[in-house]
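Let me begin by presenting the structure, written as structure tokens, before commenting on it.
Computed from the coordinates by the stated procedures, all read-outs in this text should not be read as laboratory data. The structure presented is a predicted model; accordingly, all values stated were derived computationally and were not measured. Here Cβ is always computed from backbone atoms with ideal geometry, including for glycine, and neighbour counts include all displayed protein chains.
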């Protein structure tokens with residue numbers, strides 16, 4: 001070993017074999033789908049906060065009278081408003097489904113790789129189904 005950097009690059013696998021680790025990890029090497037879903041959970045939490053502010057804005061407009069309510073309703077019925085409402089709905093259901101998986105994980109269950117992969121598919125399918133059902137109910 002020439003210096004401390006060489007010592008930092010030495011590691012062991014789970015079965016005890018020596019391996020040479022990279023000095024600095026890079027996302028393209030270590031990123032996986034569950035990491036993306038975890039970041040998505042955080043992003044949807046922030047998106048729900050913004051959507052809740054819009055919801056409060058709508059409720060305040062409703063309490064201020066017909067003029068303010070009509071203005072807010074007009075804005076929500078534009079394509080930008082529908083896109084924001086659709087995004088808020090997607091964020092809400094995705095956050096909900098991932099939250100259920102985290103609750104199950106908190107009990108110590110479903111940590112084996114096949115069940116993690118299965119839960120990943122259930123989250124995406126459940127989110128899509130719940131978003132579609134929500135919008136079908138809202139538009140009918």
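Quick notes on this one:
- Distant alpha-carbon pairs in the chain (separation over 22 angstrom), percent: 59 percent
- Cα long-axis angle, helix 66-76 against the chain (0 to 90 degrees, to the nearest 10): 40 degrees
- Per-residue ellipticity at 222 nm, computed for the chain from helices alone with -39500 (n - 2.57) per DSSP H run of at least four residues, works out to -26000 deg cm²/dmol.
- Between residue 100 and residue 82, the simple spin-label model (points 7 angstrom out along Cα→Cβ) gives 2.8 nm.
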